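What follows draws every value from the coordinates through simple rules; no lab data is involved. Here the structure is a predicted model, which means the values were calculated and not measured. All Cβ positions, even for glycine, are placed from backbone atoms using ideal geometry, and neighbour counts span all protein chains on display.
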């Protein structure tokens with residue numbers, strides 16, 4: 001039994017591609033050596049064990065989970081609002097030439113404005129509370145979703161439309177049986193990008209619309225104000241880890257749904 005378990009473990013590790021871990025492990029090793037031999041100023045670049053100690057303290061602190069919950073709430077609220085609006089606008093621009101001609105130029109002009117250029121206006125209108133942050137996050141999610149939805153709808157070729165007409169598709173059948181299935185992969189690309197941008201905007205809003213509230217961005221601010229570099233690094237690592245998990249989750253959901261659509265056909 002032990003031999004079977006050992007073989008399963010060895011087989012699992014053989015199947016995994018560990019090349020992606022080479023650079024992080026090498027970086028931590030170099031960081032540890034540099035700290036041990038005092039090649040760097042420990043006040044500016046603390047040793048890895050100092051970051052681990054801070055992480056241990058923070059992970060058992062109640063305010064860490066309060067901040068994590070606040071950041072996730074803002075992120076998901078903004079993503080749902082911006083993503084939904086993006087899909088609706090993208091579908092309208094893609095399906096309706098009239099709508100595209102009327103609103104397309106304005107949409108293309110507004111998307112050229114840097115996202116962070118909206119912050120002064122948003123803070124003037126809504127202050128620094130949650131509504132301002134969620135609006136900013138919604139804008140971050142909106143543009144990639146709308147643009148990719150539009151491109152997905154417009155990716156349907158003229159020959160595909162002609163074949164559908166030969167089969168006698170009605171307007172509703174054309175939309176639900178041809179256009180939407182063809183646009184689905186591109187829509188999910190937009191949603192994946194929207195989720196990533198929403199998370200970046202979540203942290204950006206907490207850093208730039210800071211009012212000493214709760215959130216992961218406030219952990220980084222607290223570290224900066226107290227010159228607590230281990231706390232800053234811990235906050236950055238948690239932010240990066242959650243962003244990577246969001247990206248992985250979105251990719252898996254996309255793959256499963258597209259597989260399901262293929263099986264349904």
Given 0.36 nm per residue, what is the gain on full extension from residue 162 to residue 210 after removing their alpha carbon distance, in nm? 11.8 nm
Most mobile of 145, 229, 40 per a Gaussian network model of the chain (Cα springs, under 10 Å)? 40
In deg cm²/dmol, rounded to the nearest 500, the helical mean residue ellipticity at 222 nm of the chain, built from -39500 (n - 2.57) for every DSSP H run of length 4 or more, is -26500 deg cm²/dmol
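Viscosity 1.567 mPa s, temperature 4 °C: what is the translational diffusion coefficient of the chain from Stokes-Einstein with a Kirkwood Rh over Cα pairs, rounded to a whole number of µm²/s?
Details: Rh = 21.9 Å.
This corresponds to a translational diffusion coefficient of 59 µm²/s.
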When a/c is below 1.5 the answer is rounded, else prolate if a/b is larger than b/c, else oblate, so apply that to the stretch 96-228 with a ≥ b ≥ c taken from the square roots of the Cα gyration tensor eigenvalues. prolate
Two-site label geometry, residue 45 and residue 169: point separation in nm, points 7 Å out along Cα→Cβ: 5.8 nm
Could you tell me the calculated FRET efficiency between residue 125 and residue 182, based on Cβ-Cβ distance and R0 = 51 angstrom, to the nearest 0.05? 0.85
Enter the angle in degrees (range 0 to 90, nearest 10) between the Cα long axis of helix 180-208 and the first principal axis of the Cα atoms of the chain, meaning the one along which they spread out most. 40 degrees
Only Cα pairs within less than 10 Å get springs; with that Gaussian network setup on the chain, which residue of 74, 19, 154 has the largest fluctuation? 19
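How high is the FRET efficiency from residue 241 to residue 33, r the C-beta distance, R0 30 Å, rounded to 0.05? All intermediate terms of the calculation are to be shown ahead of the outcome.
Values: r = 24 Å, r/R0 = 0.81.
The formula returns an efficiency of 0.80 here.
So for the chain, averaging the separation of alpha carbon pairs under 8 Å that are six or more residues apart and normalising by length, what relative contact order in percent results?
Working: 262 pairs, mean separation 60.1, N = 265.
In percent, rounded to a whole number, it is 23.
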Would you give the gap between the C-alpha center of the stretch 86-127 and the C-alpha center of the stretch 150-213, rounded to a whole Å? 15 Å
I want to verify a result. In a Gaussian network model of the chain, Cα cutoff 10 Å, which of these has the top mean-square fluctuation: 85, 146, 50? 50
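Need one number: the % of Cα-Cα pairs in the stretch 171-215 sitting beyond the 16 Å mark.
On the way: 574 of 990 pairs.
Tail fraction, whole percent: 58.
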Can you tell me the Rg and Dmax of the stretch 22-65, counting just the alpha carbons, in angstroms? 12.7, 36
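According to the square roots a ≥ b ≥ c of the eigenvalues of the Cα gyration tensor, what is the shape class of the stretch 192-253, taking rounded for a/c under 1.5, prolate for a/b larger than b/c otherwise, and oblate for the remainder? Walk me through the intermediate numbers first.
Values: a/c = 3.70, a/b = 1.82, b/c = 2.03.
Verdict is oblate for the stretch 192-253.
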Length gained if residue 99 through residue 118 is fully extended, taking 0.36 nm per residue and subtracting the Cα-Cα distance, is 4.3 nm
